[in-house]
1. If you average the sequence gap of Cα pairs under 8 Å that are 6 or more apart and divide by the length of segment 209-323, what percent do you get for the contact order?
2. Give me the accessible area per residue for the chain, probe 1.4 Å, as a whole number in Å².
3. What do you reckon, how do W141, W296 stack up by accessible area (1.4 Å probe), largest on top?
4. If you build a Gaussian network model of the chain, linking Cα atoms that sit under 10 Å apart, which residue out of N229, N262, N35 swings the most?
5. I'm a student and want to see the number: the projected area of the Cα convex hull of the chain, averaged over all directions, in nm².
6. Counting only other residues whose beta carbon sits under 13 Å from that of A163, what net charge do I get with K and R as +1, D and E as -1?
7. Using the alpha-carbon centroid of each, what span in Å lies between segment 230-251 and segment 141-193?
8. Which of rounded, prolate, oblate describes segment 35-105, given a ≥ b ≥ c as roots of the alpha-carbon gyration tensor eigenvalues and a/c under 1.5 marking rounded, otherwise prolate only if a/b is larger than b/c?
Amino acid sequence: MKKDRSNQKLTKADFEKFAYHDTRFYGLFYTKTDNGIKVKIDPKRMKSTVGCTLSDEQTKIINRRRTHYFYPKKSEYYDYCCNMFADRVRDIQNYWEEHYKKLITYANKSIKEPKELIPGNNMLFMQGIAEYDEAVMMSNWENMKNQYEYAEKCFEVVASLYASFIHQMASQIEAVTVLVLSKQNAMHDRFDRNTLYATAVGRDKKVDELPSFKYYDKLYCLWNFIKHNSISTYEKLCSTYPELICENREYEQGLPAFRIVNFSDELILELLSGCDSFFKEYCELVYKENYDEAQWNYGRYFLNMVKEQIEVITNPLGLPWYI
């Protein structure tokens, strides 16, 4: 019978038989699989050779093992659903901060502000037909009308850009939700929010009982109103999140929804931050994933750490591979 060496403990002399460019020298053993890599680690050897500093929480988790070797919980970073959600939300936020917010500012500034009229701009006054007081009154009236039209134009351009970003944000968040649920075999060819809620059946609580669910729900209510421009979606938003509706603006079915929504930079950041928290709570509830642990407890994390150490030894100048 072939001897099982998978849990065989190696001594310092055994490890030093391996070459410096071999991961086994550092206490890391890995094999490639169809789904990524399978890694096992001798924590004591890795700590002494790689010089990695583990946090108290990492050390606590690693020390819970019942074998000599530590086996990371996952193979790859994106084997954690919470990482898939968090990275997508982070990408959306980066796009907002680095590009889209500047686009809104630029679009607003690109609208030419009307020039203030004076009596001298009035042709009737210059021709001697209108009196000075009449010319002043007509100029004031034109100025008020022009300022109103300018403000409306600015509002419409900015509000439509905010609405477009909300639509893009919600669409991308739904896309990554479909991706995660498909990966978990939790859905087939059709998605709605009930599909997401159903994944928590039998868990400690319902999805809508999570502390940050309100931000996810707020995004969907707002998205539905922007998409459908209907009384039903307006009333839903009004009853649940009335702060999102501009004061002193009435709505009639079929009118563009973005004209009465109280958009702001703060709203965008609140929704992104809230959805980020919601999905971390959701993944902890449904998939038993801890986000902090998901940042390191996977095989590729340790393999990359060892490869960086090998690179320091074999290429101390950091020269590119083609030189």
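The values are calculated or read from the model by the stated rules, or taken from the named source; none is laboratory data. Predicted model, so just to flag it, every value in this text is computed and none were measured. Note: ideal-geometry Cβ built from the backbone for every residue, glycine included; neighbour counts use all protein chains shown. Please note that ligands, DNA and RNA were not included when accessible areas were found on the heavy atoms of the full protein model with its side chains. Shrake-Rupley method; radii C 1.70, N 1.55, O 1.52, S 1.80 Å.
1. Relative contact order comes out at 27 percent.
2. 62 Å²
3. Working: W141 160, W296 15 Å².
Ranked list, largest accessible area first: W141, W296.
4. N35
5. 29.4 nm²
6. Around A163, the charge tally is +1.
7. 16 Å
8. Details: a/c = 3.46, a/b = 2.46, b/c = 1.40.
Prolate, because a/c is 1.5 or more and a/b exceeds b/c.
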